[in-house]
Amino acid sequence: MARYFEPNEQQTKLWQEWLATRPPNIRRVAEQFDPWTLYQLKSTGHRVTIHSFSGENDVGPVTITVSVTGQFNIVGFERNVFGIKPEDLVECDLPNDDEFVGAAIQGELTNDQIGDLCLMIRPDLWERGEDGQAHRKIN
């Protein structure tokens, strides 16, 4: 098990108090996935941290929103991914000291940056218009 930080007494107490107020289905899942442990998405291999838990009613299935960051992975951009099934997560180790990690794009993207990414990634779908902005090609 790899904790990316050790909770202090206050954080542990607040976590326990929060758990006690959750519906039974969310509590059962959240008790398995604390917010200071690093997990790996089996489906993608990304190391992730817990962002939130979701469930539609007190007995239905629970999904997890995870954070995929450059702190533990090498990624194009950092993001939160929702709808993750608990069985897709497994505890994992921190990156090795010699492992490359980081995010190519950090922070909020401007509309121009998003357009440039669209042009770079999918030139078959996007083109630069006379106004210099990225526009989706019309077929």
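The figures follow:
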{"quantity": "Which listed residue is within 30 Å of Ile26 (Cα to Cα), part of a strand (DSSP E or B) and either more than 14 Å from the chain's Cα centre (by Cα) or not charged (D, E, K, R) (or both), from Thr65, Thr44", "calculated": "Thr65"}
{"quantity": "Condition met for Gly76 (closer than 27 Å to Asn96 by Cα, touching a residue at least 12 places away in the same chain (Cβ under 8 Å) and not acidic (Asp, Glu))", "calculated": "yes"}
{"quantity": "Close pairs (7 angstrom Cβ cut-off, 6 or more residues apart or separate chains): modelled with pLDDT of 95 or more and part of a strand (DSSP E or B) in segment 82-106, loosely packed, with under 14 Cβ neighbours inside 10 Å and of a type in the set (Ser, Thr, Tyr) anywhere", "calculated": "none"}
{"quantity": "Pair list, Cβ < 9 Å and 6+ apart or interchain, from segment 125-139 residues that are more than 16 Å from Thr110 (Cα to Cα) to residues that are of a type in the set (Phe, Trp, Tyr) and outside any loop (DSSP other than H, G, I, E, B)", "calculated": "Arg136/Trp126; Lys137/Trp126"}
{"quantity": "Test: residue in segment 61-83 that is charged (D, E, K, R), closer than 25 Å to Glu6 by Cβ, assigned by TED's automatic domain parsing to the domain that holds Trp18 and out of contact with any helix residue (DSSP H, G or I) (no Cβ under 6 Å at 6 or more places or on another chain)", "calculated": "yes"}
{"quantity": "Residue within segment 62-72 that is over 26 Å from Gly107 (Cα atoms), modelled with pLDDT of 95 or more and surrounded by fewer than 16 Cβ atoms within 10 Å (Cβ to Cβ) present", "calculated": "no"}
{"quantity": "Matching entry among Asp97, Asp131, Asp112, Asp93 (being exposed (fewer than 13 other Cβ atoms within 10 Å of the Cβ), over 14 Å from the mean Cα position of the chain (by Cα) and under 24 Å from Gln32 (Cα atoms))", "calculated": "Asp93"}
{"quantity": "Flag for Val62 being β-branched (Val, Ile, Thr) and in contact with a Leu (Cβ under 7 Å, 6 or more places away or on another chain)", "calculated": "no"}
{"quantity": "Complete set of residues in segment 3-42 that are aliphatic (A, V, I, L, M) and surrounded by 15 or more Cβ atoms within 10 Å (Cβ to Cβ)", "calculated": "Ile26, Val29, Ala30, Leu38, Leu41"}
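The values are calculated or read from the model by the stated rules, or taken from the named source; none is laboratory data. Being a predicted model, the structure only gives us computed values, none of them experimental. Glycine gets a Cβ as well: all are built from the backbone with ideal geometry, and neighbour counts include every protein chain shown.
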